[in-house]
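First the structure, then my questions, so here it is.
The values are calculated or read from the model by the stated rules, or taken from the named source; none is laboratory data. Just so you know, these numbers come straight off a predicted model, no measurement behind them. No Cβ is skipped: glycine too gets one built from the backbone with ideal geometry, and neighbour counts run over all protein chains shown.
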Amino acid sequence: MSLTEYLQTLPWATYVTRVVTIVLAWAVVWILVRYLSRWIASLDERIEGFDIDPREMKVLDRVLDYIVIAAGVIFTLSILGVTELLYGALTAAGVIGIIIGFAVKDVAANFVSGVFILLDQPFIIGDFVEIGDYSGTVRKVSLRSTQIVTLSGPVVTIPNSKMATEPTINYSVASVRRIEVTVSVPHDSDVGRAIQVLRDLAQSESRLQADKGVTIQVDSLREYAVDLLLLCYAPSDVWVQVRSDLRQRIVEEFQRQGLELAVPVRKNLYPNPTSG
């Protein structure tokens, strides 16, 4: 068979299709490598309350570039029909991936959790949150960790993997928060009068949400006292101050009205050695 006849027997249509497919695939790879970081930066600018550090942006861009290029290589080998080489590449990539995964599993977990926090936005900078034993104002959200300024002043840096797996309470999402104040009075006190004093104090507080109303309950009966529970609502931005002011006014008003606040009574179970 001559060379001309051999060339005529080749499946040129299949070869052309494969070449065109590979060219298109690498064109997509080139576009993603060139513009993906810009798209992420643009997304970061549009999302309020987040600020990805430029150094983290470079790391993210590099990782995504490697992933896109690796996907392009695997796709090319598959189109060319180099099955054995493709399986070898996948096996090697799998082994290397497992080794790397064990080595940087904590870093990877924080990184992935940071991406999900960025997309879900359970909180933003300036929100007051509580996570585990820590509560405070969110100061910075990065791809690896979240910084919270606690009420006492220190800044706590919490890994994003913990932020993503543990319940996070965001007090800034709701516009109002409930105030709970427990007031204990002795058994022999005029409970009805004490309830009315609490109600008058709460209703005279202009910063409370009037539409939410004021509720006063007999919360519990103890050995030495009756516990009254005052429930009312205040805007989130003044909640702490209103709660403190209410407690102070309750103490002052009860003293002015001659109402006694109950305190625990310690009973001496041993006889007094100086008596009789």
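Val181: surrounded by fewer than 19 Cβ atoms within 10 Å (Cβ to Cβ), β-branched (Val, Ile, Thr), in contact with a strand residue (DSSP E or B) (Cβ under 7 Å, 6 or more places away or on another chain) and under 28 Å from Leu259 (Cβ atoms), yes or no? Walk me through how you get there before you give the answer.
Values: surrounded by fewer than 19 Cβ atoms within 10 Å (Cβ to Cβ): yes; β-branched (Val, Ile, Thr): yes; in contact with a strand residue (DSSP E or B) (Cβ under 7 Å, 6 or more places away or on another chain): yes; under 28 Å from Leu259 (Cβ atoms): yes.
For Val181, the condition - surrounded by fewer than 19 Cβ atoms within 10 Å (Cβ to Cβ), β-branched (Val, Ile, Thr), in contact with a strand residue (DSSP E or B) (Cβ under 7 Å, 6 or more places away or on another chain) and under 28 Å from Leu259 (Cβ atoms) - is met.
I'm trying to understand the selection: among the residues of region 203-219, which are over 19 Å from Glu253 (Cα atoms) and of a type in the set (Asp, Glu)?
Passing the criteria: Asp211, Asp219.
Could you go through region 187-198 and let me know if any residue there is in contact with a Pro (Cβ under 8 Å, 6 or more places away or on another chain) and not hydrophobic (A, V, I, L, M, F, W, C).
Scanning region 187-198 turns up no residue that is in contact with a Pro (Cβ under 8 Å, 6 or more places away or on another chain) and not hydrophobic (A, V, I, L, M, F, W, C).
Can you name the number of the only condition in (1) in the same structural domain as Glu130 (by TED's automatic domain parsing); (2) assigned to a helix (DSSP H, G or I) that Ala194 fails?
Looking at each condition in turn, Ala194 falls short on (1).
Kindly provide the set of residues from region 217-265 that are surrounded by 15 or more Cβ atoms within 10 Å (Cβ to Cβ), within 13 Å of Val191 (Cβ to Cβ), free of Cβ contacts under 8 Å to residues at least 60 places away in the same chain and not small (Gly, Ala, Ser), ordered by number.
Answer for region 217-265, where residues must be surrounded by 15 or more Cβ atoms within 10 Å (Cβ to Cβ), within 13 Å of Val191 (Cβ to Cβ), free of Cβ contacts under 8 Å to residues at least 60 places away in the same chain and not small (Gly, Ala, Ser): Asp219, Val226, Asp227, Leu228, Leu229.
Okay, moving on. What number of residues within region 213-245 satisfy the criterion of being within 26 Å of Gly126 (Cα to Cα) and touching a strand residue (DSSP E or B) at 6+ places or on another chain (Cβ under 8 Å)?
Count: 8.
Also: Taking the condition of being touching a helix residue (DSSP H, G or I) at 6+ places or on another chain (Cβ under 8 Å) and modelled with pLDDT of 85 or more, how many residues in region 95-152 meet it?
Residues flagged as touching a helix residue (DSSP H, G or I) at 6+ places or on another chain (Cβ under 8 Å) and modelled with pLDDT of 85 or more within region 95-152 amount to 3.
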